[in-house]
1. Give me a comma-separated list of calculated 3J(HN,Hα) values for the stretch 7-14, in order, Karplus coefficients 6.51, -1.76, 1.60 applied at θ = phi - 60°, integers in Hz, x for any Gly or Pro.
2. Please report Glu346, Glu120 as a ranked list, fewest other C-beta atoms within 10 angstrom at the top and most at the bottom.
3. Roughly what % antiparallel, to the nearest 5, for the DSSP beta bridges in the chain?
4. For the stretch 7-100, report the convex hull volume of the alpha-carbon atoms normalised per residue, in Å³, without decimals.
5. Which ordering of Tyr107, Tyr348 is given by a fewest-first count of other beta-carbon atoms within 10 Å?
6. Find how much the distance from Lys84 to Ala127 grows on full extension, using 0.36 nm per residue of separation minus their present alpha carbon separation; answer in nm with one decimal.
7. Less than 25 Å apart at the alpha-carbon level, and either on another chain or at least 8 residues along: which lysines does that give for Lys271?
8. How many angstrom lie between the C-alpha centres of the stretch 88-160 and the stretch 217-243?
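Just so it is clear, none of the values below were taken in a lab; they were calculated from the coordinates. Keep in mind that this is a model prediction, so the values were computed, not measured. Cβ: placed from backbone, ideal geometry, glycine included. Neighbour counts: every protein chain shown.
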Amino acid sequence: MTLPWYKLENESEADSPSLVIYKERVQQNISKMIEIAGDAERLYTHIKTNKMPEVVKMLLEAGVTKFKCATIAEAEMAAIAGAKRLIIAHQLMGPKIERLIALRQKYPEVVIASLIDCTEVADEHNAAFEKYGLLSDVFLDINSGMDRSGHPLDDSILELYKHLHALPNLRCQGLHVYDGHLRTSDFETRKHEVEAGFVDVQHFLEAIAETGLPKPLIVAGGTPTFTAHALHAEIYCSPGTCVLWDWGYGDKLPEQPFEYAAVVLTRVISKPQKGLITVDMGHKAVAAENPIDKRIRFLNLENYELLSQSEEHGVIRVQDWESVNVGDVLYGVPYHVCPTVNLYDEVYVVENQVITDTWQVLGRKRRITV
């Protein structure tokens, strides 16, 4: 009998709760991501989802040379794996500027850029990098409607762009435009929203052209808007979740062809009363920022309801209570895979339905060496 794709032949060897990565599916997702982009060189793949050097190496082997990350530790993890071009998608300030300089000094062959959205931080970077005789590579972060970070597309943004180019120890590479708020399920509607949000960006590009300053490189979007931005050849895309995929985007983004490649493995540890089972999957095993009904989707359990979680326990109401036994292994797709990965120091790696290796989730650290 053929086993379901997720079931491990050697599941008795897997401790629980654990995160299981299906290597063949990761490879397939990488290939599909490149196919959508049309060229691996168009991708600034976001590594905040996977946080693993081995996955970065798989991307490099597939031809992806540029990466986006969320933290200095993730940037160092990518540099360790062999990445040569990075964007830290944060405006770094305070001690993080010195850490960025230290990272640049440790990996001088890697271009490591960060985001700037105001003159004050730009001046701080310029002064700090001047002391070390270095250039700070930056992207102007644009607020295109998400209202989380970035400079609004108003009358003053051109002056900021000119200021970045005037500072002697800054090297402005381009524009960073993250429209993570656009997640409408219908692709045509979402595409229209993306294009409408880019009208003012286009006007800004026209204003830049009139100044005679260099044409900026444009890095835009995340996974939800990837398939829309990919239609415009001048845009570099930065999807990330699609490498592992999850239940949340799988339901919300039906046009995206990715497959689940990360699964939480948990065991039934108790049947405390009729109709209830308890698993060893608490808050520490799966991302818990969403409501209780949007945390995990079990692949080998039907007619169930996750009732509650504490740190190490998950209580589930099941309809067919008699058919479930203490010790049974359940496999579940997380609703949000990025923070789920961040809960694990290491993952099991599966090939041909057999655990063959473990990988360290090195990028989950706040600090590696720098």
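1. 6, 8, 5, 10, 5, 5, 8, 8
2. Placing the least packed residue first, the sequence is Glu120, Glu346.
3. Values: 29 of 64 bridges.
Beta bridges within the chain, antiparallel portion: roughly 45 percent.
4. Value for the stretch 7-100: 127 Å³ per residue.
5. Details: Tyr107 19, Tyr348 23.
Listed from fewest to most nearby Cβ atoms, that is Tyr107, Tyr348.
6. Between Lys84 and Ala127, full extension yields an extra 13.0 nm.
7. Candidates past the 8-residue exclusion: Lys7, Lys284, Lys294.
8. 21 Å
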